[in-house]
Amino acid sequence: MNHALNRVQEWFPSADGDPSRRQQLQELLEELLAGADRLKNPDRVNLAGTKRRSEHFYRELLQESAIPQSGAPMKDVVPKLLELLHDHPYHTKYFLTNILPMASIPGIVGMLAAFLVNGNNLWDVYGPAGAEAEVRVIGMMSKLVGYDPMLSGGYTTWGGQGAVFTGLRLAIAKLAPDAQQTGVPRNLYAFCSEAAHYSLYKSVQATGLGTDRLIRVRTRRDSSMDLDDLRDKLLQVIRQGGIPAYIVATTGTTDALGIDDVQGVSAVSREIAQAHGLPDPHIHADSALGGFFAFFNGYDFDRNPLGLPITALKPLHAIHRRLRHLNLADSLCFDFQKLGQTPYVTSLFMVRNASDLKLLDLEPEETPYVGHRGYGQYHTGYTLECSRMASAVSIYSALTAFGIEGYQRLLAQFIEVSHRIREEVAREIPELTLVNADNPGIVSLFRLYAPVGPRFADEVAGRCSTGQIAETNRLNEELFELLGRDRDKMFFGDTKKHLLVPTTDGPDQPLSASKIFVISPYTEVEHVPEIVRYLKSRVNEALSALKIPTAP
Ligand SMILES: *Cc1c(COP(=O)(O)O)cnc(C)c1O
């Protein structure tokens, strides 16, 4: 111990476990943590500190930034890191904007554990910790959703988007095994709902299938895929000589938490494929967000052993009923950086049959079961990435620390608070209408209406003109502006793409709505009146800005 370090070694953790070197790292971490704590203010959203982000902000950064000739001691680097955090949005009780969660302590500590050995998840010999954590996590999540863990497989990847993309690669490989040599056939088609995430749009672009071969299925009022329309569109494609290859069933849309019926999608597509002598299309459940409600799969809703509030129980039960057939999907995804409470990027892509991954592997003859190989043969040639971070270590840490009950309690809290917000808004702000009432859950979309004029019911029934809808959208966008102006006080979300509604005089039109996403563990029921009062004041301001009289 304590042999003299040469100049380049001092940047690195010790090779020998020297406690004084460990202390150096601890001190830096302490400075970082204490520095971040000093910036916190639970009554605002943003951390303290000023950032003047002018129009030329990034240009100025480019101009002034250069690598120092001789480096700075770490104790001088930490303040610079803390400066980056100044005025950063932080997950206080008023952080209500979107699916942008806080990283939990188990998630952060798990990441640190992975960084300490910095293994490469490409190969288990290079990254045994990551490989072990990954296989463990696949086993855990397979049992949770009802996949057979001895047949299923998967890996951590680049986001929910990466999962949708890999699902498409699998779909193509299943139908056209030589596509990897000869290119993608021109007659394959992919399907998703109008409310699906744009991941599939990007994926058909990137695989070369082309967006012309992406078919959008209509949604119902609850933002779920309309199965009759799916049937019609599958038949239409087949009649024109196309082959349905890939269907993305969104199980939890990013805006409204609409949940596609995976069992229905699977039944319709199988029936039509069989009737036409075609192979079943590959079904990917885009459960990046909503999949986490599978934590309630084993929950006894009658006995309610955790004593969850009844107002949370009913919505949870409804969500759980719609999600219970997740295991019928050929592949699915859990974005742990969403409701899994781990840092970016910790997305888990899963396949029901690990053998599917062979279709994408570099040397398919090598091995019977990808992911079920012996030690030393876990080489992820089927991933689009080459090197991969061991993000499964963070997932493993979170799953172990939270346990099923921990996730149940956390999700129930989000649901309970969300339910209270809906109640309070209904009571206090008559100008706002909840436009995703059919989706119980953690997201609420509120659309602002002038006291006189068409309402939501008129819009969904197709009784409004494009002009009328545009006018109400403008009113809502005025509210977005006001909420955006003060977002360091309370941070709300918004969308310009909720539901497509028919019009009397033109094409279908999307609706704009403000969004409240309960995502911070610090937002509690007792904060709801304050949040709603604040929202009401901005609603009144938006109405008066447009010279619309407010309700008495
Ligand atoms: C967030 C989300 C995605 C994209 O996931 P990333 O991790 O951001 O790539 C895709 N689909 C759904 C339903 C999502 O909620």
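The values are calculated or read from the model by the stated rules, or taken from the named source; none is laboratory data. Remember, it's a predicted structure, so these values are computed and weren't measured experimentally. Neighbour counts run over all protein chains shown; Cβ positions are idealised from the backbone, glycine included. Note: accessible area is taken over every heavy atom of the protein model, side chains too, but ligands, DNA and RNA are not part of it. Shrake-Rupley method; radii C 1.70, N 1.55, O 1.52, S 1.80 Å.
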ask   = Where only protein heavy atoms count, and the probe is 1.4 Å, what is the accessible area per residue for segment 394-552 in Å²?
value = 42
request  = Pick out, from Ile516, Gly167, Val45, the residue whose Cα sits farthest towards the positive end of the charge dipole of the chain, with +1 on the Cβ of Lys and Arg and -1 on the Cβ of Asp and Glu.
outcome  = Ile516
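Out of all DSSP beta bridges in segment 185-338, what portion is antiparallel? Express it as a percent rounded to 5. Intermediate values should be presented prior to the final figure.
Working: 2 of 17 bridges.
If I count the DSSP bridges inside segment 185-338, around 10 percent turn out antiparallel.
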note = Per the charge dipole of segment 248-321 (beta-carbon charges, Lys/Arg positive, Asp/Glu negative, Cα centre), the residue among Ala249, Gly277, His320 reaching farthest to the positive end is His320
query = Given the protein chains as shown and a 1.4 Å probe, how many square angstrom of Trp158 are accessible, to the nearest 10?
reply = 100
Euclidean distance of C-alpha centroids, segment 235-313 and segment 416-436, integer Å = 28
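Name the helices (complete DSSP H segments) of the chain with a Cα length along the long axis of 30 Å or more and a Kyte-Doolittle mean of at least -0.5, or state none. Don't jump to the answer; show the numbers that get you there.
On the way: long enough: 392-428 (45 Å, 0.12).
What comes out of the filter, once short or polar helices are dropped, is 392-428.
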request  = Counting only DSSP beta bridges with both residues in the chain, tell me the antiparallel percent, nearest 5.
outcome  = 60
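To the nearest 20 debye, what is the magnitude of the charge dipole of the chain about its Cα centre, counting +1 on the Cβ of each Lys and Arg and -1 on the Cβ of each Asp and Glu?
Numbers: 56 positive and 64 negative charges, 119 e Å.
That gives the chain a dipole magnitude of about 580 debye.
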query = For the cross-link pairs Lys338/Lys489; Lys80/Lys515; Lys40/Lys515; Lys233/Lys515, which exceed 28 Å when the distance is taken from alpha carbon to alpha carbon?
reply = Lys80/Lys515; Lys233/Lys515
query = Per-residue accessible area for Tyr90 at 1.4 Å probe radius, Å² rounded to 10?
reply = 60
remark   = Excluding residues fewer than 8 positions from Lys358 in its own chain, the lysines with Cα under 19 Å of it are Lys174
Of all accessible heavy-atom area on the chain, the percent that carbon and sulfur account for (1.4 Å) = 54
query = Per residue, how much accessible area does segment 74-203 have with a 1.4 Å probe, in Å²?
reply = 44
Gyration tensor (alpha-carbon) shape descriptor, segment 1-157, a/c threshold 1.5 = oblate
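Rounded to the nearest 500, what is the 222 nm mean residue ellipticity of the chain from helices alone, with -39500 (n - 2.57) per DSSP H run of 4+ residues and division by all residues?
Taking each H run of at least 4 residues, the total per residue is -13000 deg cm²/dmol.
Determine the per residue accessible area of segment 260-312 with all protein chains present and a 1.4 angstrom probe, expressed in square angstrom. Before the final figure, lay out the partial values.
Working: 2060 Å² over 53 residues.
Computed with neighbouring chains in place, this is 39 Å² per residue.
Given +1 on the Cβ of Lys and Arg, -1 on the Cβ of Asp and Glu, and no further charges, what dipole in debye does segment 132-281 carry about its Cα centre, rounded to the nearest 20? If you can, show how the numbers build up before the last one.
Values: 15 positive and 16 negative charges, 61 e Å.
Once rounded to the nearest 20, the dipole reads 300 debye.
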key: Options Cys192, Pro68, Thr433, ranked by Cα towards positive dipole end of the chain, top entry (Cβ charges)   = Thr433
